[in-house]
Amino acid sequence: MRPKKAARNGARCAHDPLGIVIAVTGALYFADRQMKTADGYFRGFPVLWNVVAFYLFVLRPPPWLGALAIIALSAATFAPIYFIHPLRVSRWRWLTLAMLVCGTVLGLWALTQDLQPPGWVAAALCAIALYFVAAGLLRRTD
């Protein structure tokens, strides 16, 4: 993308309601001093918008579905649900680290394929994302 076109697109994004939602939820989340629990989990969706953007580019859902995902994750930022921190949570640490490494390798591969990897790579990335969501939802408080 040429710099002038990128600048125009950036200016347009500044007026995009979903872009504003992402910026506001990110600012509010990082201002929250209780965004992490004592056992290392994130409280609410940890505003990993760069990861969300990566998945949207790889999966290429219809615009309405991408918008719905952004709205749902924005709401999850303030919901009483938990997401695993891949390095700070001791429960399932080795499995979590293995998933993180696999996801990184597959993500890098997807980048070398111009974010159009084979279907099995996209499916594996989705399975890894589901693991991270499930690991937070299965959090024990003992």
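Data for the structure
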{"read-out": "Fraction of alpha-carbon pairs over 21 Å apart in the range 3-137 - percent", "value": "49"}
{"read-out": "Whole-Hz couplings from phi, Karplus 6.51/-1.76/1.60, listed for the range 70-77; x for Gly and Pro", "value": "5, 5, 5, 5, 4, 5, 5, 4"}
{"read-out": "For Tyr82, distant residues with modelled amide H under 5 Å away", "value": "Gly44"}
{"read-out": "The range 109-131-the range 65-99 distance, computed between alpha-carbon centres (Å)", "value": "18"}
{"read-out": "Per-residue HN-Hα couplings for the range 99-115 [Karplus 6.51, -1.76, 1.60; θ = phi - 60°; Hz; x = Gly/Pro]", "value": "5, 4, 5, 4, x, 5, 4, 5, x, 5, 4, 4, 5, 5, 9, 6, 6"}
{"read-out": "Length added when fully stretched, Asp114-Leu137, from 0.36 nm per residue minus Cα-Cα", "value": "5.0 nm"}
{"read-out": "Listed peptides 92-103, 76-87 by packing density, highest first (mean Cβ within 10 Å)", "value": "76-87, 92-103"}
{"read-out": "Cα convex hull volume per residue for the range 62-142 (Å³)", "value": "106"}
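Every read-out reported here was derived from the displayed coordinates using simple, explicitly stated rules and does not represent laboratory data. Computed from a prediction, not measured in an experiment: that's the story for all the values here. Here Cβ is always computed from backbone atoms with ideal geometry, including for glycine, and neighbour counts include all displayed protein chains.
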